[in-house]
1. For segment A:148-205, give me each residue that is touching a Gly at 6+ places or on another chain (Cβ under 9 Å), without any contact (Cβ under 8 Å) to a residue 40 or more places away in the chain and within 14 Å of chain B (Cβ to nearest Cβ).
2. Which condition does B:Gly37 not pass, out of (1) touching a residue at least 40 places away in the same chain (Cβ under 8 Å); (2) of a type outside the set (S, T, N, Q); (3) assigned to a helix (DSSP H, G or I), if it passes all the others?
3. Identify all residues within segment A:307-325 that are free of Cβ contacts under 8 Å to residues at least 24 places away in the same chain and either of a type in the set (Lys, Arg) or in a helix (DSSP H, G or I) (or both); write none if there are none.
4. List, please: which pairs have Cβ atoms under 6 Å, are six or more places apart or on different chains, and start with a residue in segment B:246-262 that is farther than 18 Å from B:Val23 by Cβ and end with one that is at pLDDT 95 or above and buried (at least 18 other Cβ atoms within 10 Å of the Cβ)?
5. Just for segment A:89-111: of the residues that are among the β-branched types (Val, Ile, Thr) and within 16 Å of the chain's Cα centre (by Cα), which one is surrounded by the most Cβ atoms within 10 Å (Cβ to Cβ)?
6. Answer yes if at least one residue in segment B:205-218 is within 25 Å of B:Gly395 (Cβ to Cβ), touching a Gly at 6+ places or on another chain (Cβ under 9 Å) and assigned to a strand (DSSP E or B), and no otherwise.
7. I'm trying to understand the selection: among the residues of segment B:437-460, which are assigned to a helix (DSSP H, G or I) and over 34 Å from the mean Cα position of the chain (by Cα)?
8. Scanning for something of a type in the set (Asp, Glu), in contact with a Gly (Cβ under 7 Å, 6 or more places away or on another chain) and under 29 Å from A:Asp187 (Cα atoms), does segment B:255-271 turn up at least one residue?
Amino acid sequence: MNAIIQQRQGRKRHKRKNHDKCYKKCGTIRSVKDLRRHLQTAIEIEHATLPPYLTALYSIKEGTNAFAYQTIQSVAMEEMLHMILACNILNAIGGHPAVNRKRFVPSYPGYLPHSSDAFIVGLGKLSPDAINTFLAIEQPAASGSPPQPDHWDTIGQFYEAIEYALCHFDLVTEGGIFTGDVSYQLDENDYYGGGGKLFKVCNLRDSIVAIQEILSQGEGMSDSIFDSDELFGEAVDIAHYYKFNEIKEGRRYTLNGTPDKPPQGEKVDVDYEQVYNMQPNPSIKNYPEGSALWQQTNDFNKTYMALLDSIHDAVNGNPDELKRAIPLMYDIKYKAIALMKTPYKDGMTAGPSFEFVR
Amino acid sequence: MTEKNYDVVVVGSGIAGAVLAKVLTQAGKEVLMLEAGLTAGMALTPQDDYENYQSYLQRFYETTIKATNTPYPEIEDAPSINVLDIQAQTPYETGYMVQLGPLPFASDCLRAPGGTTMHWLGNVPRMLPNDFQMKTRYDQGVDWPICYDDLVPYYEMAENEIGVAGDVDAQQGPDMSRSNYGPDYVFPMDKIPQSYQDQVWMKSTNGLDVSLYGQHYTVNCISMPQGRNSTPNNDYRYANTVWDPASQSLILTTTDENYEVVGATWNSYTGERCEGNASCVPICPVQAKYNALKTLKKADTSKLDIITKAVASKVLIEPKGTDVAGIMYKAYTDPDSIEYTPHIAKGKIYVLACSAIENAKLLLASNVANSSDQVGRNLMDHMVLLTWGLLPEKGYPYRGPGCTTYIPTFRDGEFRKDFAAWISPIDNWGWSWPTFAPGSDVTNAVIDNAMFGKDLRSHLNADVPRQTLLHFECEQAPCADNRITISEKYKDHLDNFRPVIQYDASDYMRKSFKAAKHVSDQIFAANNIEDHTVYSPTEADYVTWDGQGYTFRGAGHIVGTHRMGSSADESVVDKNQRTWDHQNLYLVGCGNMPTLGTSNPTLTMTAMTYQAAESILKQLESNN
């Protein structure tokens, strides 16, 4: 294990972009305003992965599927970290994250925001199909893929475009673009229990480290199944795509694992039967208004909105508000599980719908 | 099993053993650790670790009558004390301990990977300077061979390792102020927020004047330092305790980074903050509470061998001389079978770190380190007087961890010449300790009063949130006749000795119960708390003083069975915690404490263990 860590630490990581080439690679990001809009999209993408991951996670029956549970939970936690990191970057360049508006909340089934619409993401129980979708979400970019600010094929290509734009506009803007109010930044004191250490983004370097953290946890380093977490004082960990692949293959990667080979380590049990048989893509519209399931779903959605409101306030100048979001996160879990224990029809149960409500 | 000759053989994987394993291996020493408990508890892969811990939780949730050791496996081959075995009438020999009386000893510890830190509460106040000089100051007990100032650097190491959350400036009371900690010292993490119930209590308790035997005392309520994760303190700059060969000492390194919060052993993202689950004892569901496995995980595993299911049975002495030659342990396969295979663990230095009870038992069984005849004697515990009542308003117990506030007012004073000092934690667990609430409230309402439905709910809602408890942990003074012995008559499954206990409460203690109840009455009155305290003659550890009866309970603070001292004829270990009789045998743990003070002893014991680790490293280096 030490050998791997040394090898990885030896790799040159946060390579500075060549500024001359940056502008060309920014694509449609033509102004700081465009850049802010794309970072808002980044926040929306990170968030859009959470309802599907959490739904699959909470569909696992208590005391079963420990490996799948731990795995999906760890990915979901890292996505939450990514979402807040993206908010920090947006705040750093003077933007204002908006996380509680109607258009912020995705509808399922649907495409991920601003993607190339290659795959549909829905809300459903843990299943082989769900894992395939998760693999598509976390698909690593092929080596040498171009940056894609819009209609992206992989999240990595989207962030690559943002990274170029950050470099470019910071260089060409008098005084730089990192002029946001530092008191809007969240750090490890505000955020914990999920995915790694949150840090303030105050300059270009911080923003690149943040993007690298997001990408390496998600798709992995380009030539490795591992993420870069030892830089952040964490244990050796593998990237999301490969974590989901372990569930799919029912087998762990070894420390010698590589992206081009299936996992070859110990077997793990994934029991798709020990899962609540949830109706896919539940919606409050399926239930007669005022019925018990309608009320239960409405209550869930209200909790979800309260959580988004809390996060919105936290990333807009009230970092302390994030502490108050914690009980809401537990409520989301309890209420999602309660829905998945409630029979609906055709032998299926209801489930969390994650819908906008006011 | 192994022929390897280690630098150090450590018996036990509790906090003392874990600190030794971490410090010694990080200093490059080869360490063998023997652990009597099951292998699963030592799981080093996140997956196995998680699953094992979930099995602990499952057992806790599913068991109706929950005790401190409920979540953890019961093993015939390495039995743990079960507090539910405690009976009022002594002598008796049911359960693991043989209780000769006159009073039953009412505390337990856990024989499992991680030791008793798996079920401890996590309160970690330091001892007071006067606690180390009880003989000189108050003509009680004995003085320690070290003083508070000697221990301060090691307290800082222990607070770093445990990850203490607390407010140094709040630590104000008799013999305690900022000066106990030094001008700039802060704990690694901010204090855990004091509970809502604490705020209710504090309104009428802070600044309250109480009288006791003609003296007046001003009561104050302060935040409890605890080994439980909260937000890192931005001013804390210590990183890790390491061996510095140049100065031949342990030093705390500094860093520009913030304190790294240590989450669950299976997932560092779990338990990064206390979530207020309120089941700290016997098990924190997310491991926001410190346990020794967190420390053990940080050891240099390339230099550490751990053998589980290995019950140390005898300390072997060289045929010629007094050096320890090895530790015989019995390795079992099936935890409830009588079959075992004997092995001998060998090292240059041996350390017993398996609790005050097991250390003493092992020494007595081996007839070593006992030229002073002090092994097994001076068994101590905090004798806990509980008082409970109903608040005039809802205090909402069970919100937050077990204890976030305490009253330091009677931790020190001239009265210690006459009766025992105490610390008063304000507990957050309603009446659960004395009455098994809230379960018993449900049972009583349903069975005795035939309540159900809305009536039952509103009855519980009216009463349970008002239940409140105050508790008085009275410092037991050392007494040679409170002791652990062994007898051929009493052996366990593996033919190891069971502890045979003699125990009593002296007048010094009984007088303290009376004083504590008198103080409680005044605090209850000031808060308009309706007193529901009942001490019944049929209870275990019911004692009388001055015509009144009191029931005390065990605190789980088992201390003093192989005390340290300044001369070989009245103590078992010297101030370096090395046995006077054997130059390569050290003892660590609460057994070394000559007196108890009013602190929960783990922090002090951990600080002492750092001292012992330093002595061991010095000895190893000088022999090279």
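The values are calculated or read from the model by the stated rules, or taken from the named source; none is laboratory data. From a predicted model like this one, the values you see are computed outputs, not experimental measurements. Every residue, glycine as well, gets a Cβ built from its backbone with ideal geometry; the counts of neighbours run over all protein chains shown.
1. Answer for segment A:148-205, where residues must be touching a Gly at 6+ places or on another chain (Cβ under 9 Å), without any contact (Cβ under 8 Å) to a residue 40 or more places away in the chain and within 14 Å of chain B (Cβ to nearest Cβ): A:Tyr192, A:Lys197.
2. (3)
3. Start the filter on segment A:307-325 by keeping residues that are free of Cβ contacts under 8 Å to residues at least 24 places away in the same chain, which leaves A:310, A:313, A:318, A:321, A:324-325.
Within segment A:307-325, A:Ser310, A:Asp313, A:Glu321, A:Arg324, A:Ala325 meet the criteria.
4. What qualifies is B:Tyr259/B:Pro188; B:Tyr259/B:Tyr236; B:Val261/B:Asn229.
5. A:Ile89
6. Looking for residues that are within 25 Å of B:Gly395 (Cβ to Cβ), touching a Gly at 6+ places or on another chain (Cβ under 9 Å) and assigned to a strand (DSSP E or B), one finds at least one in segment B:205-218, hence yes.
7. B:Ala445, B:Val446, B:Ile447, B:Asp448, B:Gly453, B:Lys454, B:Asp455, B:Leu456, B:Arg457, B:Ser458, B:His459
8. yes
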